[in-house]
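The values are calculated or read from the model by the stated rules, or taken from the named source; none is laboratory data. Here the structure is a predicted model, which is why all the values come from computation and not from measurement. Cβ coordinates were reconstructed from backbone atoms using ideal geometry, including for glycine residues, and neighbour counts include every protein chain displayed. Keep in mind that these areas ignore ligands, DNA and RNA; they rest on the heavy atoms of the full protein, side chains included. Shrake-Rupley method; radii C 1.70, N 1.55, O 1.52, S 1.80 Å.
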Amino acid sequence: MRPRFAVLAIVVTTLLAVVAPSVVSAAPRHNRGLTINALPNPIDAGEGVFIYGHLNVPPVGGQTIVLYHHLAGSGLGYTRVGQTTTDSHGFYEFTRAEDVVMTNRSWFVREAGIHQIHSRTMFERVAALVSLSASSTTAVTGQPVVFTGHVDPSHAGERVVLQQQTASGDWRGLKSVRLDGGSNYSITKSWRFEGDHTVRVLLPSDARNIRGTANPVTVTVQQKQIPGFSIASSDQLISYGQSAVISGVLSNSPSTPVTLWARSANQTQFTPIADTATGSDGSYSFAPQTPSNNTVYQVRTTLAPRRHSAVLFEGVQDVLTLTPSATTSEVGGQVTFTGTVLPDKAGQVVYLQRLGADGDWHNEEVRVVTNASTFQFGWTFGQAGTYQFRARITAGGGNVGGASAPVTIQVSPSTNPSTLPPAS
């Protein structure tokens, strides 16, 4: 168990000693003159939460507000976890620090003085953090690749699923395993066919957390080489607009004419696109190729006797930009992110990702790319600090996918409660 839980236990115990009774069993459904809201919602496990609202029954200033929470799946009632005082306008606020809110929970507040009224109950959804690493991002057909990772908070004994993205953009399950006692997993997978295979690991939702997914990883799989006729790329994974050189060796065949054949990764018919001749040592090299989409290459002898290389998969990553409306904000403030994708990805899903304290990127918002191959996100901040965001699109539309360069937003405490999203 991590130290943060011990700290939380001490804090809760202290609060319960100060404010009694400590537990209530029923959750109020309606606002009786005391509003509540929480930002953000949903959150990633461990993310800070800002809870606030207004007392609307006079007198509003200087009144004691008590925060209660219920941990989903705990089987316990509502526990007092915080206390504050309204300002002269009836506004109150609580900040739940990072590494405290790890599981789904419900919040409500109660005025503990002359009013004895309460807010409605709101549900905070919390996604588990799932990490993912691959033993290699390149492989040949039949070569095992090991995927490992960790789930936080611990879901030891529960199943996680290795999923692969389909051509339509959906995700299909490949394998599932149970988390070990440390909430870790290891999944081994190999592929029979060449190509770029984009995978992620999913922890399904349960009472404690909404589902969590790892940042996808792309594995480029090449067909095994044919002895005596090699083929290789100077860079197996290029960005849109970049070039790669296709080269190899035809053993014991100096000055032999060879032809470069190509097809889009989603086609079946090859087309000849370039010719050259091998050198004195049988080596060959073609002028740099600049494909717009994932492309499969093969080199064949131009004349008899007919020989050919293995097929070579060249992955082409999408290129994304991301521009924030501002690089500074405050708690409760919203920043709009706009961006573009090349080549055209109209109709595909794009994600806004945030860099978590665990060092991994986590999906926060999802949108569909417009007909102009642009997208837009909005994000409201719940805690002061420094945040990094990027846009991420996964494989589809004939490309590998890609991510924008990160952008940094500096968030300060709120200075004007009236600018916060309304509480109810």
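Values computed for the structure shown
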| quantity | calculated |
| --- | --- |
| Accessible-area value, Asp99, 1.4 Å probe, nucleic acids and ligands omitted, Å² | 70 Å² |
| Eligible lysines near Lys189 by straight Cα distance, threshold 24 Å, same-chain separation 8 or greater | Lys175, Lys224 |
| Accessible area (Å², 1.4 Å probe, nearest 10) - Ser74 | 50 Å² |
| FRET efficiency, Thr302 to Leu174 (Cβ-Cβ, R0 30 Å, nearest 0.05) | 0.15 |
| Residue-averaged 222 nm ellipticity for the chain, from DSSP H runs of 4+ at -39500 (n - 2.57), nearest 500 | -1500 deg cm²/dmol |
| Region 296-415, dipole about Cα centre (Lys/Arg Cβ +1, Asp/Glu Cβ -1), debye to the nearest 20 | 620 debye |
| C-alpha center-to-center spacing [region 125-202, region 27-88] in angstrom | 37 Å |
| Long-range HN-HN contacts of Asn399 with modeled amide H, under 5 Å | Asn294 |
| Probe 1.4 Å, all protein chains present, accessible-area order of Glu124, Glu93, Glu365, largest first | Glu93, Glu365, Glu124 |
| Angle between the chain longest axis and helix 3-18 axis [Cα atoms, degrees, rounded to 10] | 20 degrees |
| Calculated P(r) of region 175-327 - Cα pairs past 28 Å, % | 40 percent |
| Extension gain from His30 to Ser135, taking 0.36 nm per residue of separation minus the Cα-Cα distance | 32.6 nm |
| Carbon and sulfur %, accessible surface of region 284-424 computed with the full protein complex present, 1.4 Å | 53 percent |
| The chain - charge dipole about Cα centre, Lys and Arg +1 at Cβ, Asp and Glu -1, debye rounded to 20 | 960 debye |
| Label zone at Thr328 (point 7 Å along Cα-to-Cβ), backbone N below 20 Å, region 353-385 | 379-385 |
| Pair Leu76, Gln267: separation of 7 Å Cα→Cβ label points (nm) | 6.3 nm |
| Check: region 152-302 dipole with +1 on Lys, Arg Cβ and -1 on Asp, Glu Cβ, in debye | 460 debye |
| Reduced Cα scattering model of region 303-365, Debye log10 I(q)/I(0), q = 0.15, 0.23, 0.26, 0.29 Å⁻¹ | -0.71, -1.18, -1.27, -1.31 |
| Fraction in percent of alpha-carbon pairs per bin - 10 Å, region 373-422 | 18, 39, 26, 14, 4 |
| Förster radius 45 Å - calculated FRET efficiency between Asn56 and Ala167, Cβ distance, rounded to 0.05 | 0.25 |
| Principal axis dimensions, largest first and in whole angstrom, of region 55-109 by Cα | 37, 23, 13 |
| Percent of Cα pairs exceeding the 41 Å cut-off, where the set is the chain | 32 percent |
| Karplus-derived HN-Hα couplings along region 88-94 (A = 6.51, B = -1.76, C = 1.60, θ = phi - 60°), whole Hz, x at Gly and Pro | 5, 9, x, 7, 9, 8, 10 |
| Estimated FRET transfer efficiency when R0 is 30 angstrom, pair Gln116-Asp206 (beta carbons, to 0.05) | 0.25 |
| Zone residues, region 60-81, relative to Ser424, backbone N less than 17 Å from point 7 Å out along Cα-to-Cβ | none |
| Tail weight of P(r) past 13 Å, computed on alpha-carbon pairs of region 204-264, percent | 78 percent |
| Whole-number accessible area per residue in Å² for the chain, which is evaluated in the context of all protein chains at 1.4 Å | 44 Å² |
| Amide H within-cut-off set for Gly82, under 5 Å, with H built and near neighbours excluded | Leu67 |
| Of Val161, Phe270, Tyr284, farthest towards positive along the dipole that unit charges on Lys, Arg, Asp, Glu beta carbons give the chain | Val161 |
| Under-5 Å amide H pairs with Glu124, H placed in peptide plane, nonlocal only | Arg105, Ser106, Trp107 |
| Thr268 accessible area, assembled protein chains, probe 1.4 Å, Å² | 130 Å² |
| Antiparallel %, DSSP beta bridges [both residues in the chain], to 5 | 90 percent |
| Signed unit charges on C-beta, dipole axis of region 154-301, positive-most listed residue Leu260, Ala207, Ser239 | Ala207 |
